[in-house]
Structure formats: structure tokens, C-alpha cells
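First the structure, in the form of C-alpha cells, and then the observations on it.
The values are calculated or read from the model by the stated rules, or taken from the named source; none is laboratory data. This is a predicted model, so every value here is computed, not measured. Neighbour counts run over all protein chains shown; Cβ positions are idealised from the backbone, glycine included. When the accessible area is computed, the model is the full protein with side chains, heavy atoms only, and any ligands, DNA or RNA have been set aside. Shrake-Rupley method; radii C 1.70, N 1.55, O 1.52, S 1.80 Å.
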Amino acid sequence: MLFHTWTFVLFFLIVYPVHLALKRTRLKLPWLLLASYVFYGWWNPLYLFLIAYTTLVNYVAVILMEKTSGRKLWLALSIINSLGLLGFFKYGAFVTDNLNALLALLGTSYHLPAPGVIFPVGISFFTFQAMSYTIDYYRGQIERERSLIRFATFVALFPRLVAGPIERAKNLLPQLRATPGIARQDVTDGLSLFIVGLFKKVALADYLGIYVDKVYDAPGEFSAPALVLATFAFGWQIYFDFSGYTDMARGVARMMGFRLMLNFNNPYLATGLGDFWRRWHVSLSTWFRDYVYIPLGGNRRGRFSTYVNMCLTMVISGLWHGAAWTFVIWGALHALGRVLTRGLERSAFYKERVPKFAKQLLVFAFVTFAWVFFRARSFGDARLIVTRILTAGWADPAFPLLALGLVLAVWCYQFVYESAGRRVLALAPVRVAVVVLMAVYLAAFTGTGVQAFIYFQF
Amino acid sequence: MQQTRPTQQESALTVPAIPYGSHEVRLSGRQWLAAAALILCVLVFAPVAWERIEEFEPGADYRMPYGLSSDYWLFDRYCRFAASRCDTLVLGDSVIWGQYVRPDQTLTHHLNDLAGRSRFANMGVDGLHPAALAGLIDYYGRAISGKNVLLHCNVLWMSSTRHDLQTDKEFHFNHPRLVPQFVPRIPCYRESYADRLGILVERTVPFFAWANHLRLVYFDRKSVPAWTLEHPYGNPAKGIGRGLPAPEGSARQEPFPWTDRGVARQSFPWVPLDASFQWRSFRRALAMLRGRGSRVFVLVGPFNEHMLEQESLQTYAARKAEIAAWLREQQVAHYVPPALPSQYCADASHPLDEGYAMLAAQLFECDSFIEFLDRASTQ
């Protein structure tokens with residue numbers, strides 16, 4: 001079920017009043033769990049077995065950690081199980097393809113059959129969330145959750161189920177334990193977040209996606225300006241798409257009395273790559289920081305080790321996004337960028353002498369370049385795009401001015417938001433006008449087709 | 001990637017201090033009320049105001065532009081216009097619209113000719129099968145209430161399970177936005193639930209039908225974003241200013257008799273009337289019109305009987321008789337015309353100019369039709 005469909009509106013119109021009625025009763029969690037499973041099972045009821053299985057394994061693993069002496073063993077088994085599931089469903093085809101390529105290279109005629117399994121939407125998100133609970137318990141950072149229903153609701157809570165934010169147990173479980181206090185401000189804030197997310201997704205991301213798809217589906221047919229603009233557009237498309245989903249998720253959760261973490265914080269205003277990763281998909285980057293980078297040693301074992309850990313983390317993060325070498329390269333590019341700029345970003349020269357706007361443009365340019373590998377259908381396509389950007393001649397890119405205008409308007413809004421002019425944006429008439437304009441634009445000018453979210457595939 | 005471990009939050013903290021967002025779009029309750037009122041004003045008044053901006057003065061023999069057959073907002077507007085000018089609205093599919101004839105050769109034109117004035121309005125819509133007809137009347141034809149209606153019943157829509165929308169295999173039929181979205185279930189209609197719900201909303205909120213009108217008329221049937229992709233440097237607002245397209249003066253298809261098209265005789269696998277979804281829908285449309293105070297005269301056919309194989313012809317005759325019997329039973333004024341001469345038929349159900357002229361003359365010789373008209377003129 002997608003947030004920007006009438007099905008979800010109907011679903012929420014049923015779920016929400018019942019949630020309000022039950023929030024002080026023992027039926028609160030069963031109702032939330034039922035709603036979450038309906039929400040997830042709407043794609044394919046078979047997915048429910050997977051999420052229930054993941055929930056049970058992590059729940060039981062923590063019980064066994066508490067009751068028995070083999071804490072490390074149960075943690076390891078639980079992690080192997082989670083990663084195994086993820087590997088099977090998400091990376092099965094990728095591994096098979098690569099093994100077959102290797103076998104062919106070795107001259108053997110043996111060919112491994114393709115796994116042929118469906119990819120469950122949002123598997124990476126709920127698997128990581130469940131894993132974080134188990135690891136945090138092992139580290140002694142949280143207490144065991146006694147109620148299976150509460151834990152299952154934590155794993156499956158529908159607003160954030162399929163594309164995050166990847167919430168930590170220490171943030172969400174206490175909220176599930178308490179009676180949600182839903183003030184009027186929560187409802188109005190939730191609505192505000194939702195309409196911004198809806199606008200980002202439907203009016204902006206889907207709009208830009210039309211141009212991006214056209215160019216990236218046949219990159220050999222387009223000139224350098226079109227490829228540059230399509231890459232620029234994709235950078236914004238993926239931001240609007242994913243942050244739009246997060247805004248809607250946070251809005252829905254807020255209306256229900258739950259506060260989810262801020263997942264995007266105007267990432268295209270970042271002044272360094274480190275800053276970018278503190279603003280982009282924050283729940284994932286902090287997840288990798290806490291569960292991969294720091295366990296690898298973090299920055300505690302000298303500069304070289306720090307860089308190695310950073311690179312490993314970024315490459316794994318790239319692979320998390322998709323089972324293809326293009327994602328690995330995307331992660332590696334960011335790793336390389338971080339290694340090369342980490343020292344620079346910390347220098348007094350960069351901090352004090354380089355104009356902020358220049359830093360922002362440089363970071364944006366680098367991040368946009370890396371998106372080529374993220375979006376391209378194959379490594380060959382990515383190479384072709386980069387080559388053509390550098391060598392293909394000029395031709396009219398036919399990029400819609402309206403789209404460009406909308407993107408620049410949002411970018412300007414963000415610049416003003418992070419400047420002294422922010423108080424202008426906070427004026428009540430400005431806020432109301434922005435909401436009215438967004439709502440009218442959505443109602444009048446957007447298309448009728450429903451596009452899924454890009455991050456669902458991860 | 002951040003470099004340091006975050007400070008551990010208190011596990012008992014129930015409402016963590018989480019930033020609201022990365023923008024200032026955060027409305028209070030009162031501000032939301034103000035925004036909602038403004039949005040409501042736009043939703044309600046934009047279509048109304050648009051009628052003052054967009055000129056629409058249908059002349060004699062006007063018919064909905066063929067390319068705007070699915071512009072139900074325009075149909076609604078035309079309905080209101082026609083209901084205020086003419087005493088009888090002629091409702092039906094492309095047979096009424098006049099697929100093979102010019103606007104001045106349609107049945108409506110010939111009826112007006114014989115009536116001596118513009119009494120009849122051509123409300124024909126291409127591809128309007130009975131299920132869609134019922135939807136059109138229900139959601140976009142409220143202006144018809146209390147008016148006299150000459151309702152065309154095209155038996156072609158019951159000539160096969162496919163026409164009757166009863167096949168299990170999905171196919172794209174005309175006017176899916178007008179058919180029942182959930183109940184009764186149409187087996188060949190496989191739209192997603194989300195889109196079906198969207199259609200229900202569009203029927204309820206005229207703003208969405210108006211927005212669709214803008215897309216159809218000014219943006220080449222596309223959304224504004226899709227339109228700008230084809231006109232990257234075009235100004236969408238400029239396109240809107242150019243007004244409605246002029247009505248087409250020509251026939252949609254070449255006006256040849258069916259025999260000149262190389263069409264062979266057909267054997268239609270007619271659907272039994274009591275099992276026909278389209279027949280049930282037609283009855284629903286009729287009941288709706290009568291329920292809203294309209295006086296209805298049903299025209300059953302015409303149908304190109306020359307095109308039918310003997311066995312199919314017999315079944316058709318039986319269907320016709322059943323329909324006439326039912327209409328009699330319901331005390332609905334009706335006329336079942338005899339077959340038109342073969343050379344006056346363009347295909348299975350569409351007449352040519354001469355066919356329409358003959359049909360109009362037959363109607364004016366029919367007592368129940370004259371009585372229907374007399375009552376109409378006294379209202």
C-alpha cells in the first residue's frame with residue numbers, strides 16, 4: 001500500500017479512529033500490529049510469513065541471550081539468520097549471476113540456476129531494524145522486550161515499515177510501551193509533514209522521473225547537456241522520492257502519537273561529504289556507523305585503519321542499496337571522496353576561507369556525479385554516460401523549464417531556511433500560502449498514474 | 001559517516017526530542033483551518049469561475065468534440081446548457097453522436113428539421129455503452145433531471161459477452177471511469193483499488209473532473225508534467241488561454257455503406273437479456289432518469305439486420321421483441337424501427353445521413369413519439 005494512493009487514505013480513515021479509541025486500552029498494540037500486517041500484506045500476503053519469521057527469530061534470540069550463557073552464540077545465529085534471509089532474497093540473483101560469470105570465465109559449462117524468488121518490499125529496512133534490537137540488547141543498551149506483540153509492532157509499525165526511517169529500539173519501543181499522547185499539535189504537525197512529503201513525491205519526484213527515465217533508458221541517444229541534466233534531475237528525484245516517503249511516514253506516525261527520527265536534513269546544502277552523510281538517510285548512516293563502522297574499530301586505531309573502516313562501511317552501504325556492481329561503485333566513490341576530503345574538511349583553510357556556497361556546490365557536484373552509477377542500469381551504461389558527458393557534443397536537452405523552476409524554488413527555499421532569512425519562511429501567511437499552493441498544484445496538475453517509491457526496491 | 005558514538009538516550013524517555021523537520025511548513029490548528037478554507041474555496045470556485053473564462057456557446061447541431069468524449073466535466077456543462085435551451089435531450093452512443101456523418105446529418109439534426117425548430121440536443125458520446133451511460137447520467141447528468149429524454153438503446157452492446165463486459169480476460173473498454181467500480185463486479189475490469197477509489201473521488205468532487213478537462217483540452221490529454229516534457233520551453237498557462245477546440249464539421253469516418261467496406265455478414269453470439277450486464281445497466285439508466293422526473297422515450301435500434309446471418313437475425317429479432325415487451329410492461333414510450341435499407345447502413349449499428357433522415361421521419365410518424373413531443377412542448 002502506497003501512502004499517496006486513495007487506498008491508503010481509506011485504510012488510514014479506518015485505522016486512525018480505532019487507534020484513537022483503543023490507545024488507552026490493551027488492544028492498542030494488537031490493533032496496530034493488525035493494521036501494520038494488513039498494510040504490508042497488501043503487496044503480497046506471503047510477505048507476512050517473512051516479517052513474522054524475522055520478528056520471531058530476533059525475539060527468541062534475545063530471550064535465549066537472557067536465559068542462557070551463550071549470548072554471543074545466539075547473537076551470531078540471529079545475525080546470520082537475518083543476513084542470510086537478506087542475502088537469499090536480495091542478493092541471490094546477484095551472487096548467482098556473478099558465479100555463473102566466473103564459471104564461464106573458468107571455461108566450465110556448468111550453470112547455476114537463478115533463484116527465481118520474489119523480492120519482498122522493504123526487507124532491508126525491517127531486517128536492519130530487528131537486528132539493531134538484538135545487537136543493542138547484546139551490548140546492554142536496552143532491556144529485553146517482554147511482549148511479543150509489542151516487539152512485532154516495533155518491527156512492523158506500518159508508517160515506517162517499507163522504507164524507514166530505520167528506528168532504534170531505544171527510541172520506538174518506549175513509545176509503544178507508553179500511551180500515545182496525541183495533542184492537537186501532533187495532528188497538525190503530522191498533516192503538515194504529510195502534505196510536504198506528498199508534494200515531494202507526486203509533484204516533484206514523479207515529474208523529474210519522467211525525464212530521468214527517458215534519458216537513462218537510452219543514454220546513447222542523448223547529448224552531454226541532456227545527460228548532465230538527467231543526472232541533476234535524478235539527484236533531486238531520489239531526494240524528493242525518499243525524503244517525501246519519510247516525511248509522509250513521520251507525518252502519519254506523528255498523527256498516531258509516535259515520533260520517528262529525522263531522516264533527511266536538506267542534504268544538498270551539505271558543506272562536506274561527512275556533512276552530507278549526516279543529512280542524507282540519517283537512520284541508515286547512523287545504523288552503519290553504530291553496527292559496522294564502530295565495531296570495525298571506527299577511528300580509534302589510527303588514520304589508515306580509519307580510512308579502511310570508512311571505505312568498508314561505505315562499500316557495504318552501497319551494496320545494501322542494491323544487488324549490482326553499480327551500487328558497489330557508488331559506495332566506493334563516496335568512500336574515496338570521504339578519504340580524500342576528510343582531512344581537507346577538517347582544515348582551517350576549508351572551514352574558514354572557502355565560501356560556504358562554493359563548498360555546497362562542490363559537494364552537490366560530487367554527489368550528483370556519483371548518482372550516475374546509482375541510477376544507471378548497468379556499469380556499461382554508467383561508463384557510457386560519463387564518457388558521453390565528457391565527449392558528446394551539444395544538443396538541446398529539452399529539459400522542462402517548469403521542472404527546473406520547481407527544483408530551483410525548493411533549493412532556494414532550503415538555502416533561505418538555513419540562513420538568517422528563515423524567519424520569513426516562518427511567517428504564518430507564508431506557511432499557509434505554501435500549503436495551499438502545494439495542495440492546489442497536487443489536485444490540479446499532477447498525473448493520474450501512481451509511481452512506487454524508489455527506495456522500496458532496497 | 002559520523003565519527004563518534006551517539007550519546008545513549010534514556011530508555012524511559014517516551015517522547016524523545018526529535019526535530020520536527022527540515023522546513024518551516026508547520027501549520028497550527030488555526031492555520032490549517034485557514035488553509036483548508038482557502039483550498040476548499042479553490043476546489044469549489046475554480047471550476048465555476050472557469051466557466052466564465054472559457055467560452056462555450058454550442059450552436060445548432062453541436063455535438064461533443066470526438067476527442068473530448070471522456071471529458072465528463074464538459075458533458076456536464078453541455079447538459080446544463082442544453083437543458084436550458086432544448087426541451088428534449090437525445091442520449092446515446094456514437095449512433096446518436098453520428099460517427100459516419102457531419103453534425104448537420106445526425107438524427108438530432110433531422111429531428112430538429114422536422115420539428116421546425118431546435119427542440120433536440122445531441123448528447124451522444126462515442127463509445128457510451130449502457131454501463132457507462134448509467135454512470136454518466138448518475139454523476140455528470142444531473143441537469144437532465146426533469147427534462148424529456150430520447151434515450152437510444154443500442155442492442156449491439158448485448159451482442160457478445162465481450163460487448164457485455166462479461167469476459168474474464170482483461171481488455172480496455174470505453175469509459176471505464178463511468179462504470180461501477182466495485183459492485184457489481186465487472187470481470188474484465190482490472191483497475192487497481194487505488195485507482196478505483198480515485199475515480200469515486202473524481203465523481204464526487206467536480207474539481208477533479210475539471211482538472212481532467214484541462215488535461216484533455218489544453219494539454220494533449222496529458223498531465224502538465226508529461227506535457228512539459230514534450231513542450232519543455234512552453235508556458236502551460238499560455239496553452240490554457242486558447243479556448244475550447246472548435247466543433248468538428250466533418251464525419252469521423254468515411255460515409256460509405258457497409259457493403260462498400262468489404263464487411264462480411266456476421267453471426268453475433270447474443271447474450272441472453274436476463275443475463276446481460278449491459279441490459280441491466282440500461283434499465284438502471286432508465287430508472288434513474290425516470291426517478292429524477294424525466295419523461296423518457298426509448299429508441300430501440302436501429303440495427304443493420306442485413307449484416308446478420310440468418311440464425312443471428314432470429315436471435316436479434318427475439319431480443320428486440322423482449323426489449324419492446326419489457327418497455328411496454330414498464331409503460332415506457334418507445335419505438336422499434338424496422339430495418340433501414342442496406343445502403344443506408346455504415347456498419348452494424350450506425351446509419352448514414354439518409355438512414356438518419358428516414359429514422360427521423362419514422363419517429364415523426366409514430367403516435368407515441370408525437371404524444372411524447374406534445375407533452376414535452378407543454379411543459
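Each principal axis of the Cα cloud of region B:12-84 was taken in turn, and the coordinate range along them, longest first, works out to 76, 24, 19 Å. Beta bridges per DSSP, both residues in the protein assembly as shown: antiparallel share near 5 percent. Couplings 3J(HN,Hα) for region A:354-369, derived from phi with the Karplus relation 6.51 cos²θ - 1.76 cosθ + 1.60 (θ = phi - 60°), are 7, x, 4, 5, 5, 4, 4, 5, 4, 4, 4, 4, 5, 4, 5, 4 Hz, where x marks Gly and Pro. For region A:185-457, the convex hull spanned by the alpha carbon atoms encloses 154 Å³ per residue.
Computed over neighbours whose Cβ is under 13 Å from that of residue A:66, the net charge equals +2, Lys and Arg +1, Asp and Glu -1. Quick one: with all protein chains in place, what share of the accessible area of chain A is carbon or sulfur, to the nearest percent (1.4 Å probe)? Result for chain A: 68 percent of the exposed heavy-atom area is carbon or sulfur. Once the trypsin sites (Lys or Arg not before Pro) in DSSP loops with at most 15 neighbouring Cβ atoms within 10 Å are cut out of chain A, the longest remaining piece is A:147-299.
Within a Cβ distance under 11 Å of residue A:146, other residues only, what is the Lys/Arg minus Asp/Glu net charge?
Numbers: positive: A:144, A:150, A:177; negative: A:66, A:143, A:145.
Here the count lands on 0.
Within region B:145-220, the proportion of C-alpha pairs whose separation exceeds 17 Å stands at 61%.
Computed from phi, the 3J(HN,Hα) profile of region A:395-404 under the Karplus parametrisation 6.51, -1.76, 1.60 (θ = phi - 60°) reads 8, 4, x, 6, 8, x, 5, 4, 5, 4 Hz, with x in place of Gly and Pro.
Amide H contacts of residue B:297: B:149, B:150, B:151, each under 5 Å away and 5 or more positions distant or on a separate chain (H built 1.01 Å from N in the peptide plane; Pro and chain starts excluded). Residue by residue, region B:94-106 carries 3J(HN,Hα) couplings of 5, 5, 6, 4, x, 4, 10, 10, 6, x, 8, 10, 7 Hz when phi is fed to the Karplus relation 6.51 cos²θ - 1.76 cosθ + 1.60 (θ = phi - 60°); x denotes Gly or Pro.
Once backbone amide H atoms are built at 1.01 Å from N, residue B:244 has B:55 as its partners under 5 Å, excluding neighbours fewer than 5 places away on the same chain.
Calculate, for residue A:77 and residue A:312, the FRET efficiency according to 1/(1 + (r/R0)^6) with r their C-beta to C-beta distance and R0 22 Å; round to the nearest 0.05. If you can, show how the numbers build up before the last one.
Working: r = 23 Å, r/R0 = 1.06.
The value I calculate is 0.40.
Protection proxy ranking of B:171-179, A:98-106, by the mean of other Cβ atoms within 10 Å over each peptide's residues and highest first, is B:171-179, A:98-106. A probe of 1.4 angstrom, applied to the heavy atoms of all protein chains, finds residue B:163 with accessible area near 60 square angstrom. Evaluated at q = 0.07, 0.08, 0.09 Å⁻¹, the base-10 log of the normalised Debye intensity for chain A, with identical point scatterers placed on the Cα atoms, takes the values -0.38, -0.51, -0.65. Distance between the C-alpha centres of region B:128-206 and region B:213-233: 26 Å, rounded to the whole angstrom.
The distance separating the Cα centre of region A:6-22 from that of region A:251-315 comes to 33 Å.
With n ≥ 4 as the cut-off for DSSP H runs, can you work out [θ] at 222 nm for chain A, using -39500 (n - 2.57) per run divided by the number of residues, rounded to the nearest 500?
After summing the helix terms and dividing by the residues of chain A, the value is -22500 deg cm²/dmol.
Under 5 Å from the amide H of residue B:308 lie the amide H atoms of B:266, each residue being 5 or more positions distant or on a separate chain, with H modelled from the backbone and absent for Pro and chain starts. Shown here are the Rg and Dmax of the Cα trace of chain B, at 25.5, 94 Å.
What angle do you read, to the nearest 10 degrees and between 0 and 90, between the alpha-carbon axis of helix B:277-291 and the longest principal axis of chain B? Approximately 90 degrees, to the nearest ten. Of the beta bridges in chain B, as assigned by DSSP with both residues counted there, near 5 percent are antiparallel.
Considering only Cα atoms, the convex hull volume of region A:6-180 works out to 134 Å³ per residue.
In terms of the mean number of neighbouring beta-carbon atoms within 10 Å, the peptides B:227-237, B:83-93 order highest first as B:83-93, B:227-237.
For residue A:361 and residue B:28, the FRET efficiency from 1/(1 + (r/R0)^6), where r spans their Cβ atoms and R0 equals 41 Å, is about 0.70. Distance from the C-alpha centroid of region B:301-346 to that of region A:195-224: 54 Å, rounded to the whole angstrom. Normalised Debye scattering of region B:270-311 at q = 0.14, 0.18, 0.24, 0.31 Å⁻¹ gives log10 I(q)/I(0) of -0.48, -0.71, -0.94, -1.06, counting only Cα atoms as equal scatterers and leaving out solvent.
Counting only protein heavy atoms and rolling a 1.4 Å probe, how much accessible area do B and A lose on contact, total for both sides, in Å² to 100? Intermediate results must be reported in sequence, preceding the final value.
Values: alone 19650 and 21100 Å², together 34790 Å².
Adding both sides of the contact gives about 6000 Å².
As a calculated quantity, the FRET efficiency between residue A:344 and residue A:430 at R0 = 35 Å, using C-beta atoms, amounts to about 0.40. Pairs of Lys residues in chain A are counted when their Cα atoms are under 29 angstrom apart and they lie 8 or more places apart or on different chains; the count is 17.
By the compact-protein rule of thumb, 2.2 N^0.38 Å, the alpha-carbon radius of gyration of the protein assembly as shown corresponds to a ratio of 1.14.
Once C-alpha pairs closer than 8 Å and six or more residues apart are averaged by separation and normalised to the residue number of chain A, the relative contact order reads 18 percent.
For region A:133-214, the dipole from Cβ point charges (+1 on Lys and Arg, -1 on Asp and Glu) about the Cα centre works out to 200 debye, to the nearest 20.
For the residues of B:193-201, the average number of beta carbons from a partner chain within 10 Å of their own beta carbon is 5.
Per-residue shielding of A:187-193, expressed as the average number of other chain Cβ atoms within 10 Å of the residue Cβ, stands at 5. The mean count of C-beta atoms from other chains within 10 Å of the C-beta of residues in B:31-37, rounded to a whole number, is 6.
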